[in-house]
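For reference, the structure is listed below as structure tokens.
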Amino acid sequence: MTDKLNIGVLGCGPIAQAGHFESCTKARNARLYAVCDVAADLRDRMAVAHGAERAFGDYDEMLADPAVQAVIVATSDAFHVEASIRALRAGKHVLCEKPVAMGLPETERLAEVVRETGLTFQIGHMKRYDIGLQEAKRFVDDGMGEMVALKAWYCDSTHRYAMTDAVQPLIVRSAQARRPAEDPKADLRRYYMLAHGSHLVDTARYFAGPLVSVNARLSDRRGMHCWFVDVEFENGALGHLDLTVAVRMDWHEGFTIYGARGSVTARTYNPWYFRSSDVEIFHEADATTRRPLGADGHFYRRQVEGFADTVLTGAPMTGAGIEDGLASVRAMLAIARSVDEGRPVRLADAGGVL
């Protein structure tokens, strides 16, 4: 194995331009070896701009290159599963953007391939690499004692794009880009749950562990989709999740956790600010509140480094794996079913596609 992981990025669209290309070039233990996209103008421009050694128009050709050790799947959601399976079958480790899939059958099919190959498969829940959240996780696991309740919220803002355009690089687009057969935003309820709900569910699971059941309500008024979800966790804690798109205020994301020996509160920022969450950890033993600085807020780069550490050295995975992906998909399906049927739904009973 080399000291740096050779990564090929599939897809040269917005998420690759805003997050993954820079992360690969800045990572201490990875390099951007190749880019791949069917849009020749976009592919060649990104290869030059970010210093990729090779540029491919055919995905199978990139997978056939023995120098490519791992692939970042940065395509539209509808292509995640097939692209990941092809990479795994070709012997490549995979970091796949979230959500891992749009339904349970294809997630289970992908999980089978991950288990068969034994290769590293990680889902792009980059918030797990937010230093503030990692410090909160350490306290929850080692100092807080029994968890009593968790409240978490993820509220996108009507001002998000004005804020994003001010801090992101100019996103280059191409008329040649490959797009899904169906417009992802044709069904906003599904789109918001996949794009934003997947983050909220993963944050809840990151801190409180497995979800057992959900009881969800949805309000769709005045252009706002608002899900309030009461959650039963396996550890016995009470849970409440708020997913609202879009609020008439600043980006509003965070959580509060109550435990037997302390509590945690957090505010999480628009991800493209690359700013670690403001986290306050209260220790009941000495009645003090501690607040980690979280100076390194580039969680996309830190995600690539964590992924590369696992591949290169066998270090334990610190991100979300395929089992996390299965659980998240089940949770989102259970939320959708609970809304439709007006009753609590156990995750074990959820299935189908969103």
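The values are calculated or read from the model by the stated rules, or taken from the named source; none is laboratory data. Since the model is a prediction, treat every value here as computed from it, not as a measurement. In this analysis, Cβ positions are derived from the backbone assuming ideal geometry, glycine residues included, and neighbour counts consider all displayed protein chains.
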All-but-one check, R173 against (1) in a helix (DSSP H, G or I); (2) more than 21 Å from the chain's Cα centre (by Cα); (3) over 30 Å from E284 (Cβ atoms), failing number (1)
Picking from R343, R275, R267, the residue that is touching a Gly at 6+ places or on another chain (Cβ under 7 Å), of a type outside the set (S, T, Y) and assigned to a loop (DSSP other than H, G, I, E, B) would be R275
| Selection status of E280, acidic (D, E) and either surrounded by 19 or more Cβ atoms within 10 Å (Cβ to Cβ) or within 24 Å of G103 (Cβ to Cβ) (or both) | no
Across segment 281-304, the tally of residues that are charged (D, E, K, R) and without any contact (Cβ under 8 Å) to a residue 40 or more places away in the chain stands at 4
A careful count of residues in segment 118-142 that are part of a helix (DSSP H, G or I), touching a residue at least 24 places away in the same chain (Cβ under 8 Å) and within 17 Å of P316 (Cα to Cα) gives 4
Taking segment 95-114 and keeping only residues that are out of contact with any Lys or Arg (no Cβ under 9 Å at 6 or more places or on another chain) and over 23 Å from I7 (Cβ atoms), one is left with G103, P105, E106, E108, R109, E112
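Return the residues of segment 169-211 that are among the polar types (S, T, N, Q) and either surrounded by fewer than 15 Cβ atoms within 10 Å (Cβ to Cβ) or in the same structural domain as E97 (by TED's automatic domain parsing) (or both); say none if nothing qualifies. Spell out the reasoning first.
Taking segment 169-211 and keeping what is among the polar types (S, T, N, Q), we get 174, 176, 198, 203.
The one that is among the polar types (S, T, N, Q) and either surrounded by fewer than 15 Cβ atoms within 10 Å (Cβ to Cβ) or in the same structural domain as E97 (by TED's automatic domain parsing) (or both): Q176.
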task: Considering every residue within segment 285-303, establish whether at least one is buried (at least 16 other Cβ atoms within 10 Å of the Cβ), touching a His at 6+ places or on another chain (Cβ under 9 Å), within 27 Å of T107 (Cβ to Cβ) and not aliphatic (A, V, I, L, M).
output: yes
* Asked: Do we have any residue at all in segment 238-254 that's surrounded by fewer than 19 Cβ atoms within 10 Å (Cβ to Cβ), β-branched (V, I, T) and under 16 Å from G132 (Cα atoms)?
  -> no
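Every residue, every condition in (1) over 23 Å from the mean Cα position of the chain (by Cα); (2) over 17 Å from G319 (Cβ atoms); (3) modelled with pLDDT under 95, yes or no:
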residue: F21; (1), (2), (3): no, yes, no
residue: A34; (1), (2), (3): no, yes, no
residue: D41; (1), (2), (3): yes, yes, no
residue: H80; (1), (2), (3): no, no, no
Across (1) crowded, with 16+ Cβ neighbours inside 10 Å; (2) within 20 Å of V339 (Cβ to Cβ); (3) in contact with a helix residue (DSSP H, G or I) (Cβ under 9 Å, 6 or more places away or on another chain), E232 clears everything bar (3)
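With the condition kept exactly as written, say whether any residue in segment 25-47 is free of Cβ contacts under 8 Å to residues at least 24 places away in the same chain, surrounded by fewer than 17 Cβ atoms within 10 Å (Cβ to Cβ) and assigned by TED's automatic domain parsing to the domain that holds V71. Give the derivation first.
Going residue by residue through segment 25-47, those that are free of Cβ contacts under 8 Å to residues at least 24 places away in the same chain are 44, 47.
From what's left, surrounded by fewer than 17 Cβ atoms within 10 Å (Cβ to Cβ): 44.
The next check asks that each one be assigned by TED's automatic domain parsing to the domain that holds V71; those that pass are 44.
Yes: one or more hits.
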Restricted to segment 313-330 and to residues being in a loop (DSSP other than H, G, I, E, B) and touching a residue at least 40 places away in the same chain (Cβ under 8 Å), the residue surrounded by the most Cβ atoms within 10 Å (Cβ to Cβ) is G319
Being touching a residue at least 12 places away in the same chain (Cβ under 8 Å) and under 27 Å from T158 (Cα atoms) narrows F307, F255 down to just F255
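Residues that are under 26 Å from P184 (Cα atoms): find the strands (runs of 3 or more DSSP E) completely inside segment 1-96 holding 3 or more of those.
Numbers: elements: 5-10, 30-36, 54-56, 70-73, 93-96.
The qualifying strands (runs of 3 or more DSSP E) are 5-10, 70-73, 93-96.
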Within segment 113-123, residues within 13 Å of the chain's Cα centre (by Cα) and either under 18 Å from D296 (Cα atoms) or aliphatic (A, V, I, L, M) (or both) come out as I123
Can you find even one residue in segment 148-166 that is in the same structural domain as E284 (by TED's automatic domain parsing), of a type in the set (S, T, N, Q) and part of a helix (DSSP H, G or I)?
yes
